[in-house]
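Just so it is clear, none of the values below were taken in a lab; they were calculated from the coordinates. None of the values given here were measured: they were computed from a predicted structure. Backbone-built Cβ (ideal geometry, glycine too); neighbour counts: all protein chains shown.
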Amino acid sequence: MLTIDSEQIEALTARRLTASHRRIAAYLREVAASEVGTASDTALHEPVVISDRVGRSLGLAGEAAQSRWALLMLLSQGRIASHEPTQAYLAQDGDSPDGHLRRLFDLTIAAMGEARDARGPHR
């Protein structure tokens, strides 16, 4: 009979989390190349881990939500983590924190696009 002990479960969990952090870092490199710049994988690891920890404390569960949260953390230089209206929005009833973040993310990206368009093509 196959048995898995708690140490093996912890090791598997750690590997899955490490793989998730790598995918989130790759996402940041893809969508925020100018903000990430030439940061090494090691340098990018810490902000991703911090973002993951904060996101989980806010109830974010899925990797897609954690990726969006990591991008918002990067773009805001971490300030979004202590923004009380954002915390309240993610915690409100009606949907999961992941669902609320999806809407917040979409609205934020749309607003950034509108602001960029209003500045003109070369600003």
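Hey, what D do you get for the stretch 9-119 in µm²/s if you plug the Kirkwood alpha-carbon radius into Stokes-Einstein at 25 °C and 0.890 mPa s?
Approximately 167 µm²/s, per Stokes-Einstein.
Considering only 88, 57, 47, the residue lying farthest towards the positive end of the dipole of the stretch 9-119 is 47, judged by Cα position with unit charges set on Cβ. The spacing between the stretch 15-49 and the stretch 65-119, judged by their C-alpha centroids, is 18 Å.
Computed from Cα atoms, the angle from the helix 41-57 axis to the main principal axis of the chain rounds to 90 degrees.
Helix 63-75 and the longest principal axis of the C-alpha atoms of the chain enclose an angle of approximately 50°.
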